[in-house]
Amino acid sequence: MIKLCFYLTLVVYSCAQVKPLTGGYEDTIPPNIIKSFPENYSTNLSESSFVFEFGEIIDASKLKDKLIISPYYDGLFEVKSKKNTLYLVFDTLFNPNTTYIFNFADGVSDITEGNPAVNSRFVFSTGKNIDSSFVSGIVTDPLKNEIVEGALVGLYSEKDSFNLFHKKPTYFSFTDENGFFKIENIKLGKYT
């Protein structure tokens, strides 16, 4: 009886083959913010730390270099992530009565396929209202008569226009693959 059990066990285990799992669809959906604290489009905010929950497990290892904060924020910040939650902690408070935009660009991606969260934005105001002015356009190279992808477009306060190459823009964005840019949530005023 023992011999029979031994042979039966040997036959069962020798038939099994270890292979990686195959099949299923490739993950092409980027991670999206499903919840945040404070909430997106909050007003009268005096927070210096933010929590974002994404719909899947994320990799935020590049966010420190990729996060675009507009208007320009001069302080330092810390990035922490755990599974599908992202924590941003800033060392100073934001300017009063100002609308800010956090654009995660491709600094946050999903853990499985590396799809970047290219359209993830967070907007908040330290004042009573969210600024709603915007500027958009297309950047072309006049010498080559071609569109320019990845061009930096900056808006400077009218009084800062004499120091364009030595001062950071108040608002900025980059052109997409079609040369198109859009800078949103701008405070009403005159810019260069």
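Go through the range 89-117 and report how many residues are assigned to a loop (DSSP other than H, G, I, E, B), within 12 Å of the chain's Cα centre (by Cα) and at pLDDT below 90.
Final tally of qualifying residues: 6.
Restricting attention to the range 28-82, and to residues there that are part of a loop (DSSP other than H, G, I, E, B) and aliphatic (A, V, I, L, M), which single residue is farthest from the chain's Cα centre (by Cα)?
It comes out as L45.
Please tell me if V153 is at pLDDT below 95, within 19 Å of the chain's Cα centre (by Cα) and more than 30 Å from D27 (Cα to Cα).
yes
Applying the selection to the range 118-131, what residues are modelled with pLDDT of 85 or more and surrounded by 12 or more Cβ atoms within 10 Å (Cβ to Cβ)?
Of everything in the range 118-131, those that are modelled with pLDDT of 85 or more and surrounded by 12 or more Cβ atoms within 10 Å (Cβ to Cβ) turn out to be R121, F122, V123, F124, S125, T126, G127, I130, D131.
Please give the number of the condition I33 fails out of (1) exposed (fewer than 15 other Cβ atoms within 10 Å of the Cβ); (2) aliphatic (A, V, I, L, M); (3) within 13 Å of S109 (Cα to Cα).
Every condition holds for I33 apart from (1).
Could you list, in sequence order, all residues of the range 165-181 that are surrounded by fewer than 18 Cβ atoms within 10 Å (Cβ to Cβ), at pLDDT 90 or above and part of a strand (DSSP E or B)?
If the condition is that a residue be surrounded by fewer than 18 Cβ atoms within 10 Å (Cβ to Cβ), at pLDDT 90 or above and part of a strand (DSSP E or B), then F180 is the only one that fits.
Pairs please, first residue from the range 127-147 and of a type in the set (G, A, S), second anywhere and in a loop (DSSP other than H, G, I, E, B), Cβ atoms under 8 Å, 6+ apart in sequence or on different chains.
G127/T43; G127/N44; G127/P96; G127/N97; G127/T98; S133/K187; S133/L188
Which one of the conditions (1) surrounded by fewer than 17 Cβ atoms within 10 Å (Cβ to Cβ); (2) in contact (Cβ under 8 Å) with a residue 24 or more places away in the chain; (3) in a strand (DSSP E or B) does L86 fail to meet, given that it meets all the rest?
Every condition holds for L86 apart from (1).
Quick check on my filter: what residues within the range 134-151 are polar (S, T, N, Q) and either surrounded by 14 or more Cβ atoms within 10 Å (Cβ to Cβ) or over 30 Å from S42 (Cα atoms) (or both)?
T140, N145
Name, by its number, the condition in (1) aromatic (F, W, Y); (2) modelled with pLDDT under 75; (3) touching a strand residue (DSSP E or B) at 6+ places or on another chain (Cβ under 6 Å) that does not hold for Y13.
With respect to (1) aromatic (F, W, Y); (2) modelled with pLDDT under 75; (3) touching a strand residue (DSSP E or B) at 6+ places or on another chain (Cβ under 6 Å), Y13 is out only on (3).
Restrict the check to the range 21-28 and report whether at least one residue is at pLDDT 90 or above, in contact with an Asp or Glu (Cβ under 9 Å, 6 or more places away or on another chain) and surrounded by 13 or more Cβ atoms within 10 Å (Cβ to Cβ).
no
Which residues, taken from the range 43-83, are within 23 Å of I29 (Cα to Cα), open to solvent by 60 Å² or more (accessible area, probe 1.4 Å) and of a type in the set (A, V, I, L, M, F, W, C)?
Of everything in the range 43-83, just one residue is within 23 Å of I29 (Cα to Cα), open to solvent by 60 Å² or more (accessible area, probe 1.4 Å) and of a type in the set (A, V, I, L, M, F, W, C), namely I57.
Please verify whether the range 106-117 includes one or more residues that are open to solvent by less than 50 Å² (accessible area, probe 1.4 Å) and without any contact (Cβ under 8 Å) to a residue 60 or more places away in the chain.
Yes: one or more hits.
The values are calculated or read from the model by the stated rules, or taken from the named source; none is laboratory data. These numbers come from a predicted model, not from an experiment. We place every Cβ from the backbone using ideal geometry, glycine too, and count neighbours over all the protein chains shown. Each accessible area value is taken on the protein alone, full model and side chains, heavy atoms only, with ligands, DNA and RNA left out. Shrake-Rupley method; radii C 1.70, N 1.55, O 1.52, S 1.80 Å.
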